[in-house]
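Asks: Have a look at the structure that comes next, please.
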Amino acid sequence: MRYQISGKQIDIGAALQTHVQTELGSIIEKYAERPTDANIVFSKSAHEFVCEATIHLSTGLTAQAKAHATEIYAAFDACSDKMEKQLRRYKRRLKDHHRDRVEPVELFGASSYILASEDAGEDTEPDSLQPIIVAEMQTQIPSLSVGEAVMQMELAGAPVLVFRNESKDGLNVVYRRDDGNIGWIDPGS
């Protein structure tokens, strides 16, 4: 497994890197069978340290956790506890999907755009109906089953996930509803 441990405008010592690798390694070994890489980023926000961890699994799923504390080791420990809870919670699902899926998740390229928000008052009319594009970047759309898409959305802590439905070969969306349930948009049905 490949670890990438970095700090945003702070130095990460060898002792912290060793601590991160041993602690995260034991969690991953316990709950995830074949992880590919882990990205851990430490930063400082006012008086607190922030730790963000992302683990990519061979099944194509990604688990993410973020925590903050006044001490850098405490921030990592809180983050690793969240990661362990996520992986423990989904261990059975990950194993079940791993048995069904012999090939890794297929990814497709797509464009992703960030549009400028309308900060003008309610009485003013926009100059045109075309939105202003602030940023354009490439993204990847995974090819998943609906159950895997819901699990990926929950593991990543995302409010919405666009995916290519394996069974119907079309683009679908799963999202968290205001009532706490999961919504599924399948334009092909």
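Every number here is computed from the coordinates shown, using simple stated rules; none is lab data. Remember, predicted model here, so these are calculated numbers, not experimental data. We place every Cβ from the backbone using ideal geometry, glycine too, and count neighbours over all the protein chains shown.
Asks: Counting other Cβ atoms within 10 Å, which GluC sites (Glu not before Pro) in the stretch 1-82 have at most 15 and lie in a DSSP loop?
Replies: Passing sites in the stretch 1-82 are 33, 71.
Asks: Next up: Of 30/91; 66/91; 8/44, which ones are farther than 18 Å apart at the Cα?
Replies: Beyond 18 Å between Cα atoms: 66/91.
Asks: Tell me the net charge near residue 8. Cut-off is 10 Å between Cβ atoms, residue 8 excluded, with +1 for each Lys or Arg and -1 for each Asp or Glu.
Replies: Overall, the nearby charge balance is 0.
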